[in-house]
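Here's the structure, in structure tokens; my notes come after.
The values are calculated or read from the model by the stated rules, or taken from the named source; none is laboratory data. The structure displayed is predicted, hence computed values, not measured ones. When we count neighbours, we look across all protein chains shown, and the Cβ atoms used for this are built from the backbone with ideal geometry, even at glycine.
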Amino acid sequence: MHTIKSATQEPATAVKGTASLRSPVIVRRTASLRSPMALAMMAVAASFVLAQAAVAETVVRIGMTAADIPRTLGQPDQGFEGNRFTGLTMYDALTGWDLSSSDKASVVVPGLATEWAVNPDDKTKWVFKLRPGVKFHDGSPFNADAVVWNVEKVLKQDAPQFDASQVGVTASRMPTLASARKIDDLTVELSTKEPDSFLPINLTNLFMASPSKWQKLYESAPGADAKAKSQAAWAAFAADASGTGPWKMSKFTPRERLEVVKNPEYWDKARVPKVDRMVMLPMPEANARTAALLSGQVDWIEAPAPDAVPQLKQRGFTIYSNEQPHVWPWQFSRIEGSPWNDIRVRKAANLCVDREGMKDGLLAGLMVPATGTFEPGHPWRGKPTFEIKYDKAAAQKLMQEAGYGPSKKLTVKTQTSASGSGQMQPLPMNEYLQQALAECYFDVQLDVIEWNTLFTNWRRGAKDPSANGAHATNVTYAAMDPFFAMVRFLQSSMAPPVSNNWGFINDPKFDALVKKARETFDPKERDAALAELHAASVDDAAFLYVAHDVGPRAMTAKIKGLVQPKSWFVDFSTMSMTP
Amino acid sequence: MLAYVARRFVYAVPIVLSVALVCFLLVHITPGDPLVAVLPADASQELAAQLRTAYGFDRPLPVQFGLWLWKAVHGDLGNSIATGRPVLSEVIRAVANTVTLAVVAAVIGFTLGLFFGIVAGYFRNTWIDKVATSVAIAGVSLPHYWLGMVLVIIFSVQLNWLPAVGAGPGGSGEWKWDWAHLSYLVLPAITTSVIPMGIVTRTVRALTGDILSQDFVEALRAKGLSETHVFRHVIKNAAPTALAVMGLQLGYMLGGSILIETVFSWPGSGLLLNSAIFQRDLPLLQGTILVLALFFVFLNLMVDIAQASIDPRIKRG
Amino acid sequence: MTVITESVLQAAPVTKTRGYWGTVGRRILRDKVSLICACVLIAIFLSALFAPWLGLADPYQGSMIRRLRPIGTPNYPLGSDELGRDMLARLIYGGRLSLIIGILPVVFAFMIGTVLGIVAGYVGGKLNTAIMRTVDVFFAFPSVLLAIAISGALGAGIVNSIVSLTIVFVPQITRVAESVTTGVRNMDFVDAARASGAGALTIMRVHILGNVLGPIFVYSTGLISVSMILAAGLSFLGLGTKPPEPEWGLMLNTLRTAIYVNPWVAALPGVMIFAVSICFNLLSDGLRSAMDIRE
């Protein structure tokens, strides 16, 4: 009995708890025979145990919400979930996001570029200095040629590597990038169509795939002409990808699973993964995901079914969540005749909603009340004077000033969908707003349409017949990038069909601020200009700001050291898995 | 017999062509942008036009159909828009997984169905018959996707006995016929087998009952033939119809497991079809439907030929 | 393929008199199972039809603080759903849409398929070939696949779901109708009618229709349960009814995640689909044996 007890303690520390405890116990019991033979056996057995400990792989299996594995060839589809799982894992971009803190805002940091600056004489030319000594997973070096090649894969139509299927998701996120030119091996010049200080932020979306790997695949690819060969090469590249990221592709079963292993040679030693292998499985259905976690098939799921959260907690799973750069708004129509043209009405709506009540009563705590597109602490927040909070009396007063009251209700119509990416729980949330706004003399009518239609109508604008006379639309948006968070909604030239200024906001003040921000190239001053724009939009009550999503995920308690930043992304390198 | 087989094959050609046309039309009458999978809604109009040309969606429909058919005849169903992978390889992989599921489900469903059916037919209007027919009718009346969800909750979530979703610990690419993999198949196969079980039971019960009540069976029994011989007669007479029904059911399982595959995330043709529909991936959608329909036509052909070889009277039809 | 329908469904007695239908009625009334099923179905029909007058809660009005209440909660006899709407009200109102999208496709397909089948079977020749070969093309698709493919193409919605299911059932009914018509066509009494100078339309309407309607009708009632399950399945996949309409398949879908909180409530729509489907199946069986149509 005594030997067993001591045995369980000693080898356990020796193998750092990675091997199972059972085999060392047997080893020591044999050793207690104290014969030379037994000692020899022990030595053999012990080395075996240690060897086993060394090879015992730590694996984390993740259930994603995507219906299919996001594309693995460098430019993922499936929105930011795609970037999270198949972009930032296997690839790096010139610039990246700081994902190291759960309290501070996630800001742009150097990635494969160490520094960058705009040409003071020609504000459409930027010089990027590249990180030396970085290698792709296939061993080829990362250099200026690789950057030019990757820019041209989506922008230069006659380049052999040009791939139409990657253009849509990439070009729309870098609307002004025009071309790239090599200066020397570690210096590149990027040109934009017009001066645009947002370029470094946009570039987080252009991932660097290995040109030499692709070239090899291209040469052996089947196909009648260059175009067919190029397509086949990209298909082959997707199945055997090579980037510079902290994870390397290991195994890929289309539509079922993607396995990546850690890249011990990753250039940022602080971000070499602690887990050996990560498996990603597409599980679009919340219930199936939750069942997979509860039955031990996966270790981590994205977006558990909210109703399952209590049971998950009770079974010892950990729920992570944090404010995300995401806004759940009503975007107002500002065309002639829209009741939202009166700023008192816009402010009243913003003051009439008890967002805390929505958070706890409706969403099991899984939202952050919105007081603007960015919350305090964010560099682009600024200092709005209009404070968005729940103040029913003030809201009623504003409505009465605007000429409405209990006997004269204001009818407003909002288009929304019953489901959709990022829409959270659109129907219950809108019904909640309907009830809340009724207290402030609003008569809210909901026009529920299909998610894809809603999304398409977003681009057609409030004047289009497809808007069906709605005074507001309820499409949620990501707020990672100043263009997507503000410019496309507030600038008058972004009105349909150009972009998503759905309500035709036309305010010279916003236009001037957008121009100022775009043409301010010092990062600090640019952030200050963006903050000014944001403060102005809040003061104007440009939206009905309701909620930010919190990106809930549930995982086994064995996963430690994970940081969930205020971002759509997460750094998988920091987590460890205890057996 | 050979002539009959040849005739059936020739007869299948126009059907196959029409099936291809229906597939194509079905997919192309659809309103909505075929490029939604690769084109974000906030993309500019030039970008949209540029991509439409790159994918050939700007050409007239008959031209698109002709090109597609010409390539399809040569074994090329084009590339998926969302993934860029060849449609044919995607469909073949998915169909292989569906076949795995369907075959196991067919073994379960047909065995139980034949057993219940024969027993019920032999003991018509006894309590055994009542139990068997109740099981059968419950089988055909159950919304099977619902049954699947209930089974997952019981056996995966609560009891932790069986995996809830997926096709094996390493994905379908590493499928083996051992318990570690078969455990993934248990719940979806049982769920899939419920309807064929019910239908086969009902058919076989009726057939057995009818044959047993016919005069020649009485005559055989009167002649002192053993029950084994009578049973053999029953089997022989019931086989063509039972076979036809089972063949048809197998076909339905191959094409119709979309609901079950969705519930269990089984990576088969149904799940592929589901994602093709929701991603509006036209080449994948029409390719999948075409392959499944051709499979079904082929299976029907096989059933016809098998029936004809058992029962020569059919050949004249 | 052709063999199946012929042997599965043979038109039995050809000459049907008033006495025959009387016998059928008496047989049904003696069949306890069919009787119970008919009663259950009638109860569900009537409650769906008169739902607004039953003093039920509003099936659309939810209350988030009272969501997912268990069965037997005061004011919520069958609990509440994920938006706090009364389940009893939603199940009863849900019967309206569910029955409509389940039964209408069969009714439409019955009308279209019967006409097509009788014409093809009676006229024969080129017309028969044209109709039956078109039908064969649709038979090349497994029915679930066809329904989902058509719904996927047309987009989600109640009307589209009815249209797609109708297209699925028309070929099946046409084939049965054609097969029984061909059987009746050369019977003596039809020959007699023809000899006495009756026109094709008259013969089809008077002599053929009366004799083939029975088997087609029974076959169609058997399809209703399939149609109910398929229609609910389409909604379940998001290809049928859209929220917030109460419909059993959709309710099953939206209540899926509630299965962790309140499995009994989440199971109720499935129970309704099952109940209606099994009743139609048993009733169809009862009808079949009462009319003495061999399976």
Those residues of the stretch C:164-187 which are free of Cβ contacts under 8 Å to residues at least 24 places away in the same chain and within 12 Å of chain B (Cβ to nearest Cβ), in sequence order
none
Going by the structure shown, is A:PRO304 part of a loop (DSSP other than H, G, I, E, B), in contact (Cβ under 8 Å) with a residue 60 or more places away in the chain and touching a Pro at 6+ places or on another chain (Cβ under 9 Å)?
yes
Considering only the stretch A:487-521, how many residues are out of contact with any Lys or Arg (no Cβ under 6 Å at 6 or more places or on another chain) and within 14 Å of chain B (Cβ to nearest Cβ)?
10
Collect the residues in the stretch A:157-187 that are within 28 Å of A:SER499 (Cβ to Cβ), hydrophobic (A, V, I, L, M, F, W, C) and not in a helix (DSSP H, G or I), keeping them in residue-number order.
A:ALA159, A:PHE162, A:MET174, A:LEU177, A:ALA178, A:ALA180
I'd like the full set of residues that are small (Gly, Ala, Ser), surrounded by 23 or more Cβ atoms within 10 Å (Cβ to Cβ) and in a helix (DSSP H, G or I), limited to the stretch A:493-522.
A:ALA517
Any idea how many residues of the stretch A:462-492 are more than 28 Å from A:SER106 (Cβ to Cβ) and surrounded by fewer than 22 Cβ atoms within 10 Å (Cβ to Cβ)?
7
What number of residues in the stretch A:178-200 are within 14 Å of chain B (Cβ to nearest Cβ) and surrounded by 23 or more Cβ atoms within 10 Å (Cβ to Cβ)?
0
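Scan the stretch A:242-260 for residues that are more than 13 Å from chain B (Cβ to nearest Cβ) and touching a helix residue (DSSP H, G or I) at 6+ places or on another chain (Cβ under 8 Å) and jot them down. Give the steps one after another, and end with the answer.
We begin by selecting, within the stretch A:242-260, every residue more than 13 Å from chain B (Cβ to nearest Cβ); these are A:242-249, A:260.
Listed by number, the residues that qualify are A:SER242, A:PRO246, A:TRP247.
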For B:VAL87: the one exception among (1) modelled with pLDDT of 90 or more; (2) within 13 Å of chain A (Cβ to nearest Cβ); (3) farther than 30 Å from A:SER230 by Cβ
(3)
Check whether at least one residue in the stretch A:547-564 is touching a helix residue (DSSP H, G or I) at 6+ places or on another chain (Cβ under 6 Å) and assigned to a helix (DSSP H, G or I), and report yes or no.
no
When you go through A:SER333, A:SER321 one by one, which is the residue that is in contact with a Leu (Cβ under 8 Å, 6 or more places away or on another chain) and away from every other protein chain (no Cβ under 14 Å)?
A:SER321
Restricting to the stretch A:213-225, what's the tally of residues that are in a helix (DSSP H, G or I) and surrounded by fewer than 13 Cβ atoms within 10 Å (Cβ to Cβ)?
1
Single residue of the stretch A:447-468 satisfying the filter (part of a helix (DSSP H, G or I) and more than 14 Å from chain B (Cβ to nearest Cβ)) that is farthest from A:ASN350 (Cα to Cα):
A:PRO465
Go through the stretch B:179-196 residue by residue and tally those that are buried (at least 24 other Cβ atoms within 10 Å of the Cβ), in contact with a Phe, Trp or Tyr (Cβ under 8 Å, 6 or more places away or on another chain) and more than 14 Å from chain C (Cβ to nearest Cβ).
2
Taking the stretch A:165-223 and keeping only residues that are out of contact with any helix residue (DSSP H, G or I) (no Cβ under 9 Å at 6 or more places or on another chain) and among the polar types (S, T, N, Q), one is left with A:SER191
Criterion first (surrounded by fewer than 17 Cβ atoms within 10 Å (Cβ to Cβ) and touching a residue at least 60 places away in the same chain (Cβ under 8 Å)) does A:GLU525 satisfy it?
no
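Using the structure shown, decide if C:ILE150 is under 22 Å from the mean Cα position of the chain (by Cα) and either surrounded by fewer than 24 Cβ atoms within 10 Å (Cβ to Cβ) or of a type in the set (Lys, Arg) (or both).
yes
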Taking the stretch C:52-78 and keeping only residues that are modelled with pLDDT of 85 or more and either within 11 Å of another protein chain (Cβ to nearest Cβ) or at positive phi (or both), one is left with none
Reported set for the stretch A:261-293 where residues are aliphatic (A, V, I, L, M), within 14 Å of another protein chain (Cβ to nearest Cβ) and in contact with a strand residue (DSSP E or B) (Cβ under 7 Å, 6 or more places away or on another chain) is A:VAL279, A:MET280, A:LEU281, A:MET283, A:ALA292, A:LEU293
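Say whether the condition of being hydrophobic (A, V, I, L, M, F, W, C), closer than 15 Å to A:ILE335 by Cα and outside any loop (DSSP other than H, G, I, E, B) is met by at least one residue in the stretch A:527-542. Walk me through how you get there before you give the answer.
Taking the stretch A:527-542 as the starting set, the residues that turn out to be hydrophobic (A, V, I, L, M, F, W, C) are A:528-531, A:533, A:535-536, A:538, A:541-542.
Of the ones still in play, those that are also closer than 15 Å to A:ILE335 by Cα are A:542.
Applying the additional criterion that residues be outside any loop (DSSP other than H, G, I, E, B) yields none.
No, there is no match, as no residue in the stretch A:527-542 is hydrophobic (A, V, I, L, M, F, W, C), closer than 15 Å to A:ILE335 by Cα and outside any loop (DSSP other than H, G, I, E, B).
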Determine if the stretch B:168-178 includes at least one residue that is surrounded by fewer than 20 Cβ atoms within 10 Å (Cβ to Cβ), hydrophobic (A, V, I, L, M, F, W, C), away from every other protein chain (no Cβ under 11 Å) and touching a residue at least 40 places away in the same chain (Cβ under 8 Å).
no
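Residues B:LEU101, B:LEU182, B:LEU147: which one is in a helix (DSSP H, G or I) and closer than 26 Å to C:ASP285 by Cβ? Please lay out each step first, then the result.
Details: B:LEU101 fails: closer than 26 Å to C:ASP285 by Cβ; B:LEU182 fails: closer than 26 Å to C:ASP285 by Cβ.
Of B:LEU101, B:LEU182, B:LEU147, the one residue that is in a helix (DSSP H, G or I) and closer than 26 Å to C:ASP285 by Cβ is B:LEU147.
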Quick check on my filter: what residues within the stretch A:82-95 are away from chain B (no Cβ under 14 Å), closer than 23 Å to A:ARG277 by Cβ and not hydroxyl-bearing (Ser, Thr, Tyr)?
A:ARG84, A:PHE85, A:GLY87, A:LEU88, A:MET90, A:ASP92
Can you name the condition, by its number, that B:SER265 falls short on among (1) at negative phi; (2) surrounded by 20 or more Cβ atoms within 10 Å (Cβ to Cβ); (3) more than 11 Å from chain C (Cβ to nearest Cβ); (4) not basic (Lys, Arg)?
(1)
Which of the numbered conditions does C:MET204 fail, given that it passes all the others? Conditions: (1) modelled with pLDDT of 80 or more; (2) surrounded by 21 or more Cβ atoms within 10 Å (Cβ to Cβ); (3) among the hydrophobic types (A, V, I, L, M, F, W, C).
(1)
Every listed condition ((1) within 11 Å of another protein chain (Cβ to nearest Cβ); (2) farther than 29 Å from B:TRP175 by Cα) holds for B:VAL234 save (1)
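Quick test for you: out of B:ASP58, B:ASP129, pick the one residue that is surrounded by fewer than 20 Cβ atoms within 10 Å (Cβ to Cβ), more than 10 Å from chain A (Cβ to nearest Cβ), in contact (Cβ under 8 Å) with a residue 40 or more places away in the chain and among the acidic types (Asp, Glu). Reasoning before the result, please.
Numbers: B:ASP58 fails: in contact (Cβ under 8 Å) with a residue 40 or more places away in the chain.
Testing whether each residue is surrounded by fewer than 20 Cβ atoms within 10 Å (Cβ to Cβ), more than 10 Å from chain A (Cβ to nearest Cβ), in contact (Cβ under 8 Å) with a residue 40 or more places away in the chain and among the acidic types (Asp, Glu) leaves just B:ASP129.
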Looking at B:LEU225, B:LEU220, can you tell me which residue is assigned to a loop (DSSP other than H, G, I, E, B) and either hydrophobic (A, V, I, L, M, F, W, C) or within 14 Å of another protein chain (Cβ to nearest Cβ) (or both)?
B:LEU225
Helices (runs of 4 or more DSSP H) contained in the stretch A:343-446 and holding at least 3 residues polar (S, T, N, Q)
A:426-438
